[in-house]
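Below is one structure, written out as structure tokens, with a few remarks after it.
The values are calculated or read from the model by the stated rules, or taken from the named source; none is laboratory data. Predicted, not measured: the structure shown is a model, and the values here were computed from it. Glycine also receives a Cβ, built like all others from the backbone with ideal geometry; neighbour counts cover every protein chain displayed. Side chains included, ligands, DNA and RNA excluded: accessible areas come from the protein's heavy atoms. Shrake-Rupley method; radii C 1.70, N 1.55, O 1.52, S 1.80 Å.
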Amino acid sequence: MIVWVNGAFGAGKTTTARELLDLIPNSTLFDPEVIGSALPWLLPAKRLADVDDYQDLAFWRRMVVDTAAALHAEVGGVLIVPMTLLRQDYRDEIFGRLASRRIPVCHVLLAPAETILRERITGREVLDVPDGEQRVRQWSLDHIGPYLTALGEWLAADAYLLDTGALTPREAAERIAEAVRTEAAGVCEIVQTPEPSAETLAAGVLLFDDEDRVLLVDPTYKAGWEFPGGVVEAGEAPADAGVREVAEETGIQLTDRPSLLVIDWESPKPPAYGGIRLLFDGGRIPADAAEHALLPGPELRACRFVSEAEAAALLPQVRYERLRWALRARERGAPLYLEGGVPVG
């Protein structure tokens, strides 16, 4: 298990995490800051200059997961990870990739009042970098706004919330250890399918409203918008997989078997393996169906009906091309074969 100690800069994550080592048996501290400190040795300076925050680097997020998973496999027990995560998509990506490796994450949020945060930040001493005090203070103060926004929108939804304003790090650690022991701080329900090790067969389903707008979903387990659907399991018919995935992701139960619209071959582009992507026509669903979808949930952050033009702005290019030709196939009443989103034959 991983106990992820989240919170704003100045909330006391690192000091609390160190105290937890004495209170949770067989625990090890992993601070992702070590990944950040290694980046100047791993990436070109130009690449680092492109971002204001290392978390915006997909490389950093993958390295955090890979390192945490390797450390967990090496030492076992419980990893204690003090790290601020304020973007929901980054939280979903990191926790989801850990879940795909069968590593459950207990999400703890240290949440002192804003006034206390500001007092702690302004009183903080940073002596190991030139002009470090002022820069770190300003960085931390600048992130209070995004932290409060995240707190109001999503951050507290699945985390064990602990107001540490009147607690010492030891007292906060004692409460967290007890919450983990009693399962009052439960495992975060982030869903992620295991990363593929070969080409995959995936089935998506297009669902339409009365205006012929198509339903897109924003899954927790990958970045960006997508069609309802997923990987076909061993021995499963692709159309059945599409129906199953629609029900699991959205709660919408399709009574009719969907008809095929496109077959698209996605060629391997390392590190992705590619494979066959099928899109089916799930037909029209009641206008209020999307409103009753399972949101927010372990698989979806959001879903909405969009026009073809709106879909072009939301979907990656190859995925949009797949949708575009699926809509043409629906109009003509005959399926199409594509390669990389381009019709063949």
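Residues whose amide H falls under 5 Å from that of ARG301, counting only those 5 or more places apart or on a different chain, are ASP218, THR220, with hydrogens built in the peptide plane. Which shape class, rounded, prolate or oblate, goes with the range 215-276 when its Cα gyration tensor gives a ≥ b ≥ c as root eigenvalues, a/c under 1.5 marks rounded, and past that a/b bigger than b/c marks prolate? Oblate, because a/c is 1.5 or more while a/b does not exceed b/c. Rounded to 0.05, the FRET efficiency of the ASP142 and ARG301 pair, given R0 = 25 Å and the Cβ-Cβ distance, is 0.50. If the Kirkwood radius is taken over C-alpha pairs of the chain, then at 25 °C and 0.890 mPa s the Stokes-Einstein diffusion coefficient equals 110 µm²/s. Extending 7 Å from Cα along the Cβ direction at GLU189 and again at ASP212 yields two label points whose distance is 3.8 nm. Rg of the Cα atoms in the range 150-265, relative to 2.2 N^0.38 Å, amounts to 1.52. Legend: residues ILE2, ILE116, sorted from most to least accessible area (1.4 Å probe; ligands, DNA and RNA excluded), read ILE116, ILE2.
Relative to the Cα centre, the charge distribution of the chain, modelled as +1 at Lys and Arg Cβ and -1 at Asp and Glu Cβ, gives a dipole magnitude of about 560 debye. Converting the Cα gyration tensor eigenvalues of the range 40-127 into ellipsoid dimensions via √(5λ) gives semi-axes, longest first, of 25, 21, 14 Å. What's the angle, to the nearest 10 degrees (0 to 90), between helix 132-142's Cα axis and the longest principal axis of the chain? Computed tilt is about 50 degrees. Do you know the relative contact order of the range 7-120, to the nearest whole percent, from alpha carbon pairs under 8 angstrom that are 6+ apart? Relative contact order comes out at 43 percent. Comparing mean-square fluctuations of TRP225, TRP41, TRP265 from a GNM of the chain with C-alpha springs under 10 Å, the top value falls on TRP41. Judged by the ratio a/c of the largest to the smallest principal axis of the C-alpha gyration tensor, the range 1-64 counts as prolate, that ratio being 1.5 or greater while a/b is larger than b/c.
Packing here is the average count of other Cβ atoms within 10 Å per residue, and on that basis the peptides 15-26, 98-109, highest first, run 98-109, 15-26. Peptides 161-167, 320-326 ranked from most to least packed by the mean count of surrounding Cβ atoms within 10 Å: 320-326, 161-167.
Using a 1.4 angstrom probe on heavy atoms only, work out the carbon and sulfur share of the accessible area of the range 14-130 in %. Could you put the intermediate results ahead of the total?
On the way: 3130 of 5810 Å².
In the range 14-130, the share of accessible area belonging to carbon and sulfur is 54 percent.
Considering all alpha-carbon pairs of the range 75-117, what whole percent are spaced by more than 18 angstrom? That tail contains 38 percent of the Cα-Cα pairs.
Ranking ALA272, ALA111, THR16 by Cα position along the charge dipole of the chain, where only Lys, Arg, Asp and Glu carry charges on their C-beta atoms, puts ALA272 farthest toward the positive end.
Scanning residues 5 or more positions from GLY283 or on other chains, those with amide H under 5 Å from its amide H are PHE208, with H placed 1.01 Å from N in the peptide plane.
In a fully extended conformation the segment linking TRP41 and ALA234 would gain 65.2 nm over its present Cα-Cα distance, using 0.36 nm per residue.
Computed over protein heavy atoms with a 1.4 Å probe, the accessible surface of the chain works out to 49 Å² per residue.
The candidates SER37, SER140, SER267, arranged from most to least accessible area with a 1.4 Å probe in the full protein assembly, appear as SER37, SER267, SER140. Ordered from largest to smallest accessible area (heavy atoms of protein chains, 1.4 Å probe), the residues PHE305, PHE208 come out as PHE305, PHE208.
Taking ALA49, ALA184, ALA272 as the candidate residues, the one with maximal mean-square fluctuation in a Gaussian network model of the chain, Cα springs under 10 Å, is ALA49.
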